[in-house]
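Q: Here's a structure for you.
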Amino acid sequence: MTACTIDDWTREVKAQPGAAAIGMILAHQGIVRGTSRSGGPVRGMMLCSDVDRLEEVLAEARTWPGVCAVRGWVNEGSLSVGDDIMRVLVAGDVRDNVFAALQRLVFLIKSEVVSESELPESGRE
């Protein structure tokens, strides 16, 4: 899937057949932080993804209860602080279904699609 903006995806999803069933759209835009989870400074990260697995995960998410549409994109390569890591969008019927689907989908992408390693600040490797 191409690196569209969340606004582009939202317009696309709202224009698709069956959009009248959509009651909520949620999006996740992950970006590279300047600190690790443990609080240490980083200059960026290396990111690889399994594009085929991403498509499988997105297809699976389309079958979840209440989900009307999903979109997803994962960046790759050497990323700097502030760069986008991923974008994910879920459109569905009601809050409970859409919140659960977005959380589950982001978890699956992070655990089954993405391989990442932080790049410590210079002199800390």
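The values are calculated or read from the model by the stated rules, or taken from the named source; none is laboratory data. Note that the structure is a prediction, hence the values are computed from the model and not measured. Reconstructed Cβ throughout: ideal geometry from the backbone, glycine too, with neighbour counts over all protein chains shown. Protein only, heavy atoms only, side chains kept; ligands, DNA and RNA dropped before computing areas. Shrake-Rupley method; radii C 1.70, N 1.55, O 1.52, S 1.80 Å.
Q: Of all residues being open to solvent by 70 Å² or more (accessible area, probe 1.4 Å) and of a type in the set (A, V, I, L, M, F, W, C) in region 83-125, which is farthest from the chain's Cα centre (by Cα)? Just the residue, please.
A: It comes out as Val94.
Q: For region 101-122, state whether one or more residues are closer than 20 Å to Ile31 by Cβ, in a loop (DSSP other than H, G, I, E, B) and at pLDDT below 95.
A: Yes.
Q: Could you tell me which of the residues Gly66, Gly30, Gly92 is touching an Asp or Glu at 6+ places or on another chain (Cβ under 6 Å), at pLDDT 95 or above and of a type in the set (Gly, Ala, Ser)?
A: Gly66
Q: Among Ser49, Ser78, Ser36, which is the only one that is at pLDDT 95 or above, open to solvent by less than 50 Å² (accessible area, probe 1.4 Å) and of a type in the set (Ser, Thr, Tyr)?
A: Ser49
Here is a yes/no grid of residues against (1) in contact (Cβ under 8 Å) with a residue 40 or more places away in the chain; (2) in contact with a helix residue (DSSP H, G or I) (Cβ under 9 Å, 6 or more places away or on another chain):
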{"site": "Thr35", "(1), (2)": "no, no"}
{"site": "Ser38", "(1), (2)": "no, no"}
{"site": "Met45", "(1), (2)": "yes, no"}
{"site": "Val51", "(1), (2)": "no, yes"}
{"site": "Ala59", "(1), (2)": "no, no"}
{"site": "Trp64", "(1), (2)": "yes, yes"}
{"site": "Trp73", "(1), (2)": "yes, yes"}
{"site": "Asp83", "(1), (2)": "yes, no"}
{"site": "Met86", "(1), (2)": "yes, yes"}
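Q: Anything in region 39-82 that is in a loop (DSSP other than H, G, I, E, B) and under 13 Å from the mean Cα position of the chain (by Cα)? List them, or say none.
A: Those that are in a loop (DSSP other than H, G, I, E, B) and under 13 Å from the mean Cα position of the chain (by Cα): Asn75, Glu76.
Q: Out of (1) under 23 Å from Glu116 (Cα atoms); (2) without any contact (Cβ under 8 Å) to a residue 60 or more places away in the chain; (3) hydrophobic (A, V, I, L, M, F, W, C); (4) out of contact with any helix residue (DSSP H, G or I) (no Cβ under 8 Å at 6 or more places or on another chain), what's the single condition that is false for Ala20?
A: Evaluating Ala20 over (1) under 23 Å from Glu116 (Cα atoms); (2) without any contact (Cβ under 8 Å) to a residue 60 or more places away in the chain; (3) hydrophobic (A, V, I, L, M, F, W, C); (4) out of contact with any helix residue (DSSP H, G or I) (no Cβ under 8 Å at 6 or more places or on another chain) leaves (1) as the failure.
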